[in-house]
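S.K.: Below is the structure I would like to discuss, written out as structure tokens.
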Amino acid sequence: MDALSGRLASALGASYQVAGLLGRGGMGAVYRATDRRLRREVAIKVLPPELGYSGDLRARFVREAQMAAQLSHPNIVPIYDVGDRDDLVWFIMALVEGESVRAKVEREGQQPITVVRRVLQEVAQALAYAHAKGVIHRDIKPDNILIDRGSGRAMVTDFGIAKALEGPDTALTHSGEIVGTARYMSPEQALGEGPVDARADMFALGLVGYFMLTGEHAIKGMTLPAVIAE
């Protein structure tokens, strides 16, 4: 058990048993856990402690996670709970037994057009539903689209996180990410020109399709300056 998982287990108390690390990125670490009360496996995403220093940021993160928890769609990973204690902020979501689109492409290479079409259709349906509810994802990328191993269904995760981290006091630069992932940002998002709306999600989804078809990122730069220059 690493240091962060130990702190998370302490913050959660006896209700959850934290197991292994599922993944780690610029906007958090995800752990597998068991909900002891409901006897089900879940995933818990923790906001990095270094980003939890601001009370406003913590409140915004919780608020956006609560909003995302209102989304109920077969192609959106449901959020069960959100909480914060000490310098940690987390939310608890359904555990998808499978892999991300990124992992699938890295393992198998270029995807058949039939697979790409199905994934894009399912993600587009999830985004259309969320947009109708007034929720913009802002960080659509191969890592945030999961493929369920049993059904093959595409499921979008991490709704609300990018928006939660946005604000005049949070010009975040972490692992090449500034309120989103640089190489999957729309031009207006990368340049900070005006409010980001549903079109940014659809732009990023097109880039996901390119990645699935070719096995390569359409935009090569990994940092914001490199993406803007490209």
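S.K.: Between GLU97 and THR114, 0.36 nm times their residue separation minus their Cα-Cα distance comes to what?
M.R.: My answer for the length gained is 3.9 nm.
S.K.: A follow-up question, please. How high is the FRET efficiency between GLN121 and GLU188 when r is their beta carbon distance and R₀ equals 35 Å, given to the nearest 0.05?
M.R.: Calculated transfer efficiency: 0.90.
S.K.: Also, I was wondering about something else. Heavy atoms only, probe 1.4 Å: what % of the accessible area of region 64-130 goes to carbon and sulfur, would you let me know?
M.R.: 47 percent
S.K.: Considering only Cα-Cα distances, which of the following residue pairs are longer than 25 Å: LYS133/LYS220; LYS45/LYS141; LYS45/LYS220?
M.R.: LYS133/LYS220; LYS45/LYS220
The values are calculated or read from the model by the stated rules, or taken from the named source; none is laboratory data. Since this is a predicted model, take the numbers as computed values, not measurements. Ideal geometry is used to build each Cβ from the backbone, glycine not excepted, and the neighbour counts take in all protein chains shown. These accessible areas exclude ligands, DNA and RNA; they are computed on the full protein's heavy atoms, side chains included. Shrake-Rupley method; radii C 1.70, N 1.55, O 1.52, S 1.80 Å.
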